[in-house]
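Undergrad: This is the structure, below, for whatever I ask next.
The values are calculated or read from the model by the stated rules, or taken from the named source; none is laboratory data. Just so it is clear, the structure is predicted and the values come from calculations on it, not from any experiment. Here Cβ is always computed from backbone atoms with ideal geometry, including for glycine, and neighbour counts include all displayed protein chains.
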């Protein structure tokens, strides 16, 4: 066999066509996520410089300084203008208006919204959401709000991935994968952590140790591309500079074990404060768009006592890594940052929780290490190392992402020498309070996710045909394809179901549309008499046959996020026999499951 024949055979086995599309789409999402991260970071930097530095005359500790350039900090005092407390109010007013006027789903930390879209919305994110989220978060963070970049950039990347999948007509499963790729790209670029960003996107969906393995490779590709785009413009240095740490003192693992428990306890407190304050704000009888300004006012008043709560706080982390902070300063900043973050985001402000959580964890880790060093100097090798490990342990405990977090912290500090204690602290911090999470949209595991509903019920339905559910089917409510929109609205006003087949003059199905398609057309403000049923309907209809196995139909419905599917007539496959709903399949599944329980029930 010649060389070219060998090459052709190899290419055939590699299936370049099948590999090429996911690679290309994930790379495209990565490019946009990287550009979005650049624009977002530039916007935050400009806003921060104008409002806090120029207007408020507040100069936080900078990150990236060498150890001998970082001042020793034994006090919270710093210079600022007396009206500094009003600046976060400005951010709250603007952010609240943008979010609640144009995209209410952009409220809070955007990672939760992306998680919810993955599990419950078929990966759908409205096109305006990333833009509104980005602008609102730039204002919130740039005016001193205690929030981070991870939520906004995750939603920006996820939003583009969702939009691209919808424009290309991809199915629900592919749209969900591109959503994850967008999340990974945004986070991997912003935090200069390509591997951590990819792992975070597939791990943050679940409370239990579970991964969305279908999205891992596209997430890695997108994250690499986004990181490369971002690094080419902003540079390649890690986000934080750290001393050289080593781990060659195994007995210190006991101290790290206690640190994991310490992080878990404070993580529990953090989550309770965060959602407790959220409930208090929801109970305030004021318009939602005003509440972020109230949260900003509370942050501003707190900043008059502890200015270090403003903004990202990475300079404080840098100082702690160099051992420049007193124990009481770290403890006060950690506690104040918990409340400042809750005031900012729980009030409806826009921003992420990753950066504030890193600051809180760093302060807790640094104070814990310093205390242990004073009590047991022979046990603690370097108390500054506890800053880095506390960062990872605290966030792992409140996000249920131990693997992604320990990798991300290693990448954003450029320090991998503490991998073993990082692994221990992250796992311990997570398992102490298993259901403690700052991301309330997480589900327990893949079996609990609506995105994988069809993956786990097919075995129970094995051998059952669609015809067996005919009596539970709904009579199709067909719409003539030439019927104008005004008449369609009257026709379906009191109709059952959410899907309506369109038919020609002979009663043959030509397409199908849903209530959501009607809403989309109405949003475009077109004259109702000019829009016909065939203009709304999708001609590529997913159908079922009466002799088809229910397991195959369920896979169709799950992969494309359908609530109903038309079952065609066995003798005339152009006419709809009945509409089969997901609810009917679920009811049959429950009945079959109960039968199996009766068979295997002892006695």
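Undergrad: Taking the residues in segment 550-575 that are buried (at least 20 other Cβ atoms within 10 Å of the Cβ) and part of a helix (DSSP H, G or I) as candidates, determine which candidate is nearest to the chain's Cα centre (by Cα).
TA: 558
Undergrad: Go through segment 469-509 and give me each residue that's crowded, with 19+ Cβ neighbours inside 10 Å and within 27 Å of residue 551 (Cβ to Cβ).
TA: The answer is 469, 473, 476, 499, 500, 501, 509.
Matching residues to (1) surrounded by fewer than 17 Cβ atoms within 10 Å (Cβ to Cβ); (2) assigned by TED's automatic domain parsing to the domain that holds residue 161; (3) closer than 26 Å to residue 203 by Cα:
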{"site": "76", "(1), (2), (3)": "yes, yes, no"}
{"site": "85", "(1), (2), (3)": "no, yes, no"}
{"site": "91", "(1), (2), (3)": "no, yes, no"}
{"site": "104", "(1), (2), (3)": "yes, yes, yes"}
{"site": "115", "(1), (2), (3)": "no, yes, yes"}
{"site": "123", "(1), (2), (3)": "no, yes, yes"}
{"site": "135", "(1), (2), (3)": "no, yes, no"}
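Undergrad: Quick one: count up the residues across segment 410-460 that are under 23 Å from residue 109 (Cβ atoms), at pLDDT below 80 and outside any loop (DSSP other than H, G, I, E, B).
TA: 3
Undergrad: Checking residue 462 against (1) crowded, with 21+ Cβ neighbours inside 10 Å; (2) in the same structural domain as residue 585 (by TED's automatic domain parsing): exactly one of these is not met. Which one?
TA: Answer for residue 462: the failing condition is (1).
Undergrad: Looking only at segment 507-530, filter to residues that are in a loop (DSSP other than H, G, I, E, B) and more than 37 Å from the chain's Cα centre (by Cα); which one of those is nearest to residue 462 (Cα to Cα)? Show your work before the answer.
TA: Step one: list which residues in segment 507-530 are in a loop (DSSP other than H, G, I, E, B), which gives 507-508, 524-527.
Filter once more, so that each one left must be more than 37 Å from the chain's Cα centre (by Cα): 507-508, 527.
Numbers: 507: 33, 508: 31, 527: 48 Å.
Per the criteria, the residue is 508.
Undergrad: Another question, then. Given the residues 343, 339, 368, which is the only one that is touching a residue at least 40 places away in the same chain (Cβ under 8 Å), surrounded by fewer than 24 Cβ atoms within 10 Å (Cβ to Cβ) and assigned to a helix (DSSP H, G or I)? Break it down stepwise before answering.
TA: Values: 343 fails: surrounded by fewer than 24 Cβ atoms within 10 Å (Cβ to Cβ); 368 fails: surrounded by fewer than 24 Cβ atoms within 10 Å (Cβ to Cβ).
Selected residue: 339, the only one of 343, 339, 368 that is touching a residue at least 40 places away in the same chain (Cβ under 8 Å), surrounded by fewer than 24 Cβ atoms within 10 Å (Cβ to Cβ) and assigned to a helix (DSSP H, G or I).
Undergrad: Across segment 225-253, what is the total count of residues that are under 24 Å from residue 28 (Cα atoms) and part of a loop (DSSP other than H, G, I, E, B)?
TA: At the first step, the residues of segment 225-253 found to be under 24 Å from residue 28 (Cα atoms) are 225-236.
Next cut, part of a loop (DSSP other than H, G, I, E, B) only: 235-236.
So the count comes out to 2.
Undergrad: Quick one: count up the residues across segment 477-506 that are out of contact with any strand residue (DSSP E or B) (no Cβ under 9 Å at 6 or more places or on another chain) and either outside any helix (DSSP H, G or I) or touching a residue at least 60 places away in the same chain (Cβ under 8 Å) (or both).
TA: Summing the residues that are out of contact with any strand residue (DSSP E or B) (no Cβ under 9 Å at 6 or more places or on another chain) and either outside any helix (DSSP H, G or I) or touching a residue at least 60 places away in the same chain (Cβ under 8 Å) (or both) in segment 477-506 gives 4.
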